[in-house]
1. Go through region 8-34 and count every residue that is surrounded by fewer than 17 Cβ atoms within 10 Å (Cβ to Cβ) and not small (G, A, S).
2. Might you check whether a residue that is part of a strand (DSSP E or B) and touching a residue at least 60 places away in the same chain (Cβ under 8 Å) occurs anywhere in region 57-67?
3. For F41, indicate whether it is out of contact with any Asp or Glu (no Cβ under 9 Å at 6 or more places or on another chain) and of a type in the set (A, V, I, L, M, F, W, C).
4. Give me the residue from region 73-92 that is among the hydroxyl-bearing types (S, T, Y) and in contact (Cβ under 8 Å) with a residue 40 or more places away in the chain and, out of that set, surrounded by the fewest Cβ atoms within 10 Å (Cβ to Cβ).
5. Search region 23-51 for residues that are in contact (Cβ under 8 Å) with a residue 40 or more places away in the chain and outside any loop (DSSP other than H, G, I, E, B) and pair each with any residue that is open to solvent by less than 70 Å² (accessible area, probe 1.4 Å) and of a type in the set (F, W, Y) when their beta-carbon atoms are under 9 Å apart and the residues are at least 6 apart or on different chains.
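The values are calculated or read from the model by the stated rules, or taken from the named source; none is laboratory data. Keep in mind that this is a model prediction, so the values were computed, not measured. Virtual Cβ from ideal backbone geometry, glycine too; neighbours counted across all protein chains shown. To get the accessible areas, we keep the full protein, side chains included, count just its heavy atoms, and leave off ligands, DNA and RNA. Shrake-Rupley method; radii C 1.70, N 1.55, O 1.52, S 1.80 Å.
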Amino acid sequence: MEAGTDTSNELVRISDELLRRYGLDIDTDAGMARCLVLSEFIVTTAVQPDLTIYRISQLDNEQNISQLFAAARHGGSGRTDLLLYRDGPWETTFRKLATEMID
């Protein structure tokens, strides 16, 4: 398994756990969405039949939102496709914050 897939699966797992415990469900015209705001991060999922899109975004000091990570998990196969990944220090901060909340 390549490193990108490992990273995707781990970030999806962490996001899923956070959203399951603390997320807010929102019923939209396109299906169900779940979201959670953590200090500077916004974690969301969009659930469609047989597909879930995970996103991690960051709110910066100028109040701009930057999308840092997006992945699609296929319900039938469980396969995760990495759609967007921006390398940077955000991941260490996000993992630390998320781990503290999950543990």
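1. Final tally of qualifying residues: 13.
2. Step one: filter region 57-67 for residues part of a strand (DSSP E or B), giving 57-59, 65-67.
After this cut, where a residue has to be touching a residue at least 60 places away in the same chain (Cβ under 8 Å) as well, the list is none.
No, region 57-67 contains no residue that is part of a strand (DSSP E or B) and touching a residue at least 60 places away in the same chain (Cβ under 8 Å).
3. Numbers: out of contact with any Asp or Glu (no Cβ under 9 Å at 6 or more places or on another chain): yes; of a type in the set (A, V, I, L, M, F, W, C): yes.
So F41 fits the description; yes.
4. The first filter runs over region 73-92 and keeps only residues among the hydroxyl-bearing types (S, T, Y), leaving 77, 80, 85, 92.
Subsequent filtering for residues that are in contact (Cβ under 8 Å) with a residue 40 or more places away in the chain retains 80, 85.
On the way: T80: 22, Y85: 16.
Per the criteria, the residue is Y85.
5. L38/F94; F41/W90; F41/F94
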